[in-house]
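Every read-out reported here was derived from the displayed coordinates using simple, explicitly stated rules and does not represent laboratory data. None of the values given here were measured: they were computed from a predicted structure. Glycine also receives a Cβ, built like all others from the backbone with ideal geometry; neighbour counts cover every protein chain displayed.
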Amino acid sequence: MKKVSKILVLMLAVALAVSATACTVVQRGGNNPEQYSAKSDIKVGFIYIGSTSDKGYTYAHDQGAIYMQKELGLSDDQVIKKENVPEDGACEAAIKELIEAGCKIIFGTSFGYMNYMDELSKEYPDVIFSHCSGFKSNDTNFNNYFGRIYQARYLSGIAAGLKTKTNKIGYVGAYKIPEVVGGCDAFALGVQSVNPKAQVLFVETQTWYNPDLERKAAISLLDKGCDVIAQHQDTAMPQKAAEERGVWGVGYNADMTEEAPKAHLTAPIWNWGVYYKEAVQKVIDGTWKSENYFDGMKEGLVDISPLSANVAEGTQQKIDEARAKIISGEFDVFDGPIKDNTGKERVAKGSRLTDGEITSIDWFVENVKVQ
Amino acid sequence: MGQHDYVISFIFASVLAGVPLLFGTLGEIITEKAGHLNLGVEGMMYMGAICGFVAGYHTQSPFLLLLCSFLGGAAGALVYAFLTVTLFANQNVTGLALTIFGAGFANYIGEALIMKAPNRAAVLSDNITRFFGGIYIPVLSDMPVLGRLVFQYNIFVYFGVLLAILGGIYLNRTRRGLNLRAVGENTAAADAAGIRVVLYKYIHIVTGGGICGLGGAYIAVVICGGTWTNNCVNGLGWIAVALVIFAGWSPYRTILGSFVFGSLDVLRFYIPKDVINIPTAFFAMVPFAVTAAVIVITSIRKSAVNAQPRCIGINYFREER
């Protein structure tokens, strides 16, 4: 018994010591945010929904944060990251910790943080809140940012359209929400531009992250005769399923060639660093204004990963042509005429969807068949 | 691809979808027959998945992978057994804790693995994934319908079915199996009859955990195709717990049950939307609705054989007999 109590005392002592150090860390950053103007002492906070090792959504944001840190020459303790933060009260606590640590700007990377960031932006007017993928903002210290990933999806659709032999392309999507539906439309338009005969089969999994279901959904598409599998999901399982069957795939978020070397063609990817660098630089310069950010391929925010050796001949050339037109602004993905899959004309010839219309698409284009 | 082939593909996918459930359920049945409800199936699957994966990743040996996944699940079950059998801890709470611990344990090690791997992708070598890929037997696998339906699965499928049959024989036809059932039905009587209750409980809880661990290996190697993916078990362990009830604590029925649950799971992707258009969420609900119905039916029928062992959840104090 004596031994047990000794161990207990020791453990308590260690716990105390650890919590004491934790407190000092917090206090060190607890200065008045007004003082931050010089590059050397700004602090930047990030809140991630997942883990930076997910090789997907959070990984892409973290690569952006690393890029920003390197470009602006910030030290490691100036960029504070909170991983695996759920979209509930824990997110509010995480933001408050970042504020206490002295962060001047906080990036929240998941949709569900929106309402917490909205509330806290009123409570802490000196801190800047930047939220990814939402629709709320104010005109002082709370903006939202997202990008034209549909442009990259269009290019990846070209690679898929040229590769398919069965003229059936599978698309594993998470939910039938505008972000996914519009992304599938852009992909299908890219397919159509090089292969009018090909059909895109869309299936919904009702999850962002579930290796088991994503795989099953992909296999059902392969069983229906698809020979290219594209995805709007967070794991590489659809790519692996395609590889097992000896066919091809288009990933998302990160270059998935490592996971499926024999199947992967290319993947739409984010270069969040472009935005993070610009935003933090503006805060340092004191020129930050609350404007909503929705940039695309021209600014380098979105792109596709380098084409793998699996693509069909001539793919690079077709993609380069389309990319040049998109960057010059001569062409954009949702230029009319576009019909939906019930035959109704959605975009008239000569007109182009507005940003508001693109982010609220709830119809599929004519070569998409929902499974 | 014809309609015919499409149905075969659906059945093929259903069988594969049932495999992790088959292992999880068999493990849990063995555990419950000893009178212990271990809600940690999910956690033990996680532990089996990561232990097997690490072994396969470093040694390139499929056999060590299977062995270590068994040991990983068994280690989780051993902790559970120590807490509930020896220290008389509450079984439900201990099982839940094991679930949470297992998930954290697997993600913690998996995270470290990913961070060290090239391009942040921890991938098993080709010879392992090939070993666990579909088998090919000349002539037999090439038969028209039967070849695909019987002779093209991966080895987990055959091993799982074999294990279920052996489990059924063990529980119904051997002295040890009958002793085990006595322990679960009436521990005090079994103790009085001279059965070494504590030893029986330990052995079967640990073995059951090991079998759950094999289900975890299936998830890591086949479902995730040999790439470590955090949170890979994702609730399959809980469905296995429900399946125990559906199968009426019978290893034989587990084979059918896991096939039914598997087919309900993939049905949402195979059902032609232009024929029957039901929201996807409906299919996610069906297995649990069916389980609820089975509980109602079995409790009305009061079958003594296919029912929950009577001493389940009650820790046995010899002194209070």
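Some points to look at:
- Kirkwood Rh, angstrom, region A:232-371 [1 / mean 1/r, Cα pairs]: 17.8 Å
- Extreme residue, positive dipole direction of the protein assembly as shown, given options B:GLY184, A:ILE358, B:THR94 (C-beta unit charges): B:GLY184
- The separation of region B:128-174 from region B:266-300, counted between C-alpha centres, amounts to 27 Å.
- Nearest-20 debye value, region B:3-310 charge dipole, Cβ charges on Lys, Arg, Asp, Glu: 640 debye
- Under a model in which nothing but the beta-carbon of Lys, Arg (+1) and Asp, Glu (-1) is charged, chain A shows a dipole of about 800 debye around its Cα centre.
- Order of A:GLU87, B:GLU320, A:GLU123, A:GLU258 under a 10 Å beta carbon neighbour criterion, fewest first: B:GLU320, A:GLU123, A:GLU87, A:GLU258
- Annotation for A:ASP76 and A:SER193: the two label points, set 7 Å from Cα along the Cα-Cβ direction, are 4.4 nm apart.
- Scaled radius of gyration (Cα, divided by 2.2 N^0.38 Å) that chain A gives: 1.11
- Residues whose placed amide H lies under 5 Å from that of A:LYS168, excluding near-sequence neighbours: A:GLN199, A:ASP227
- Note on the protein assembly as shown: helix-only mean residue ellipticity at 222 nm, from DSSP H runs of 4+ residues weighted -39500 (n - 2.57) and normalised by residue number, equals -17500 deg cm²/dmol.
- Simple spin-label estimate for A:LYS136 and A:LYS289 in nanometres, 7 Å along Cα-Cβ: 2.4 nm
- Given A:LYS82/A:LYS325; A:LYS70/A:LYS163; A:LYS289/A:LYS318; A:LYS349/A:LYS369; A:LYS216/B:LYS302, the pairs whose alpha carbons are separated by over 32 Å: A:LYS82/A:LYS325; A:LYS70/A:LYS163; A:LYS289/A:LYS318; A:LYS216/B:LYS302
- log₁₀ of I(q)/I(0) at q = 0.13 Å⁻¹ - region B:227-306, Debye sum with one point per alpha carbon: -0.50
- Fewest-first ranking of A:MET114, B:MET45, using other Cβ atoms within 10 Å as the exposure measure: A:MET114, B:MET45
- Chymotrypsin sites (Phe, Trp or Tyr not before Pro) lying in DSSP loop within region A:75-176, provided at most 15 other Cβ fall within 10 Å: A:PHE135, A:TYR175
- At R0 = 35 Å, FRET efficiency that the Cβ-Cβ distance of B:GLN3 and A:LYS344 yields, to 0.05: 0.70
- Within 10 Å of each Cβ in B:229-236, the average number of Cβ atoms from other chains: 6
- Averaging the Cα positions of each part gives two centres, and for region B:176-216 and region A:297-327 these lie 62 Å apart.
- Inverse mean reciprocal Cα-Cα distance (Kirkwood Rh) of the protein assembly as shown, Å: 27.5 Å
- The dipole here belongs to region A:240-371: it is taken about the Cα centre, uses +1 on the Cβ of Lys and Arg and -1 on the Cβ of Asp and Glu, and is about 240 debye.
- Shielding by partners for peptide A:52-60, expressed as the average number of C-beta atoms from other protein chains within 10 Å of each residue's C-beta, is 4.
- From least to most packed, judged by other beta carbons within 10 angstrom and beginning with the fewest, A:ASP295, A:ASP234 follow the order A:ASP295, A:ASP234.
- Cα Rg over Rh - chain B, Kirkwood: 0.99
- Taking amide H as placed 1.01 Å from N in the peptide plane, A:VAL79 has its amide H under 5 Å from the amide H of A:VAL44, each at least 5 places away in sequence or on another chain.
- Among B:TYR170, B:ALA103, B:LEU214 - extreme Cα towards positive end, dipole of region B:3-310, charges at beta-carbon: B:TYR170
- Each Lys or Arg adds one and each Asp or Glu subtracts one; over the other residues with Cβ under 11 Å from the Cβ of B:LEU243, this totals 0.
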